[in-house]
């Protein structure tokens, strides 16, 4: 399971998976997201448009990768921001506040420190939860 995707530079990104497996990929984050969506039968643009419409949002739109596994990735910042990290909602165990930002703890006890307010992460997680509930109804 993908835990998160993080941009390294314009042409590469880091994919972190369970048990702290890391892979440096020689493609931008958005290309990797497009491939992950295609693997599950849709386009990134289609997934984004569906989520934006059903959640009535236009910014920081979560992307459903897999209905079966309930994998939904959400951005920590604006999608085109170089510091944006895409986190898998299903992989998150807890979120803790820091003085300047927060720490996301995953199911395998690994952690990711972010310079993002905890309220933003919690809001994104609520959106993911709401979207999954909508899809199940």
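Nothing in this text is a laboratory measurement; each read-out follows from the coordinates by a stated rule. As the structure is a computational prediction, the values presented were derived from the model and not from experiment. Using ideal geometry, Cβ is built from the backbone for each residue, glycine included, and neighbour counts are taken over all protein chains shown.
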Quick calc: nm separation of the 7 Å Cα→Cβ label points for residue 129 and residue 26 -> 4.2 nm
Rounded if a/c is under 1.5, else prolate if a/b is larger than b/c, else oblate: which is the stretch 50-98, with a ≥ b ≥ c the root eigenvalues of its Cα gyration tensor?
oblate
Packing-based exposure ordering (other Cβ within 10 Å, fewest first) of 15, 1:
1, 15
Using Cβ counts within 10 Å as a stand-in for footprinting exposure, how do 12, 133 rank, fewest first?
133, 12
In nm, spacing of pseudo-spin labels at residue 67 and residue 110 (7 Å Cα→C-beta vector):
2.9 nm
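As a test of the formula, what do you get for the chain when each DSSP H run with n ≥ 4 contributes -39,500 (n - 2.57) and the sum is divided by the residue count, at 222 nm and rounded to the nearest 500 deg cm²/dmol? Don't jump to the answer; show the numbers that get you there.
Numbers: 3 runs with 42 residues, N = 137.
Per the formula, -10000 deg cm²/dmol.
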Quick one: if you take sqrt(5λ) for each eigenvalue of the C-alpha gyration tensor of the stretch 1-82, what semi-axes come out, biggest first, whole angstrom?
21, 15, 12
Expressed in angstrom and ordered largest first, the alpha-carbon extents of the stretch 50-137 along the principal axes are 37, 28, 19
Which one, 38, 79, 125, has the greatest fluctuation when you compute a Gaussian network model over the chain with C-alpha springs under 10 angstrom?
38
Which whole-number percent gives the relative contact order of the stretch 1-134, counting Cα pairs below 8 Å spaced six or more residues apart?
19 percent
